[in-house]
Amino acid sequence: MTNADYSGPFYLELVIIGEHAVFQDAMGLTTGSGEETVITGPGSKSSHLPGPEPQPNLVLYKGIIKSESPLLKWFEACTDLGLNSKINPKNVKLNLLDVNGMACCSWIFHNAYPVKYSVVNLNNANKEIAVSSIEFAYTNWARVTKD
């Protein structure tokens, strides 16, 4: 794919447990290296060494989910039941789709689970829920390469 193929509108497709939802924006796809401070001598002398960087949560904005989707039930089970409930993490795939619905690139988020979501409104006629945002914690992520 050339850079010319990346012009035009895009949207994001969230795929979990065989269900799909679409979103307009995402935040949290960042990577880098952090640093660790190590005490190296007397008098609290320290050195800075490369170390892991804390990963921000994946946040998706402006989405549509079917009201009877297993996705919504999973969101509710993870976020609404409190600390006494077991979290059921899943691998989450995020596709960047072009105007024709073709995936330009994809990412997989391992052991993801929702930590917060905000619903804007319910559309009973279409049985859809407009999601203002949903935030996922995860252990790591990777870009999915095409074969």
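Quick notes
- The set of residues from region 81-116 being crowded, with 17+ Cβ neighbours inside 10 Å and among the polar types (S, T, N, Q) comprises N95, S106.
- Selection from region 10-58 of residues that are of a type in the set (S, T, Y) and assigned to a strand (DSSP E or B): Y11, S33, T37, T40, S46, S47
- Odd one out for E53, checked against (1) at pLDDT 80 or above; (2) touching a Gly at 6+ places or on another chain (Cβ under 7 Å): (1)
- Qualifying residue in region 68-80 (condition: more than 18 Å from V131 (Cβ to Cβ) and either surrounded by 13 or more Cβ atoms within 10 Å (Cβ to Cβ) or free of Cβ contacts under 8 Å to residues at least 60 places away in the same chain (or both)): no
The values are calculated or read from the model by the stated rules, or taken from the named source; none is laboratory data. These numbers were taken from a predicted model, which means no experiment stands behind them. As a convention, Cβ positions derive from the backbone with ideal geometry for all residues, glycine included, and neighbour counts pool all protein chains shown.
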